[in-house]
1. Along the Cα-to-Cβ line of residue 4, 7 Å from the Cα, sits a label point; which residues in the stretch 19-51 have backbone N less than 14 Å from it?
2. Give the angle, between 0 and 90 degrees and rounded to the nearest 10, that separates the Cα long axis of helix 47-58 from the longest principal axis of the Cα atoms of the chain.
3. Using the Cβ atoms and a cut-off under 12 Å, what net charge is assigned to the surroundings of residue 52, where Lys and Arg are +1 and Asp and Glu are -1?
4. Going from most exposed to least, what order do 65, 23 have by accessible area with a 1.4 Å probe?
5. Going from most exposed to least, what order do 28, 59, 71 have by accessible area with a 1.4 Å probe?
6. So what is the relative contact order for the chain, in percent, with contacts set as C-alpha pairs under 8 Å and at least six apart?
7. What is the gain in length, in nm to one decimal, between residue 59 and residue 15 on full extension, counting 0.36 nm per residue of separation less the C-alpha to C-alpha distance?
8. About the Cα centre of the chain, how large is the charge dipole given +1 on each Lys and Arg Cβ and -1 on each Asp and Glu Cβ? Please answer in debye to the nearest 20.
Amino acid sequence: HKLFNGCMEAFIKDSGQAIPLVVESCIRYINLYGLQQQGIFRVPGSQVEVNDIKNSFERGEDPLVDDQNERDINSVA
């Protein structure tokens, strides 16, 4: 099942994850790097970077796993 543009209930059932990795990873990244960012959730991120992050999660990878602040916080949010 697809993670994005798919059925969340089916994905959770098939993956066995109570909380999808994308949710946990994005929350962790925002907690580490975005809490002091003004305009978070209001300022849009780069669509190219958002698509890159989404594609990585679709492949089962976690593009936010390392603790380096390389991603635009607005794209993650």
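The values are calculated or read from the model by the stated rules, or taken from the named source; none is laboratory data. Just so it is clear, the structure is predicted and the values come from calculations on it, not from any experiment. Every residue, glycine as well, gets a Cβ built from its backbone with ideal geometry; the counts of neighbours run over all protein chains shown. SASA here: full protein model, heavy atoms, side chains in, ligands and nucleic acids out. Shrake-Rupley method; radii C 1.70, N 1.55, O 1.52, S 1.80 Å.
1. Within reach of a label on residue 4: 22-23, 26, 45-51.
2. Approximately 40 degrees, to the nearest 10.
3. -2
4. Highest to lowest solvent-accessible surface, that is 65, 23.
5. 59, 28, 71
6. Worked out over the chain, it gives 38 percent.
7. 14.5 nm
8. Computed charge dipole of the chain: roughly 280 debye.
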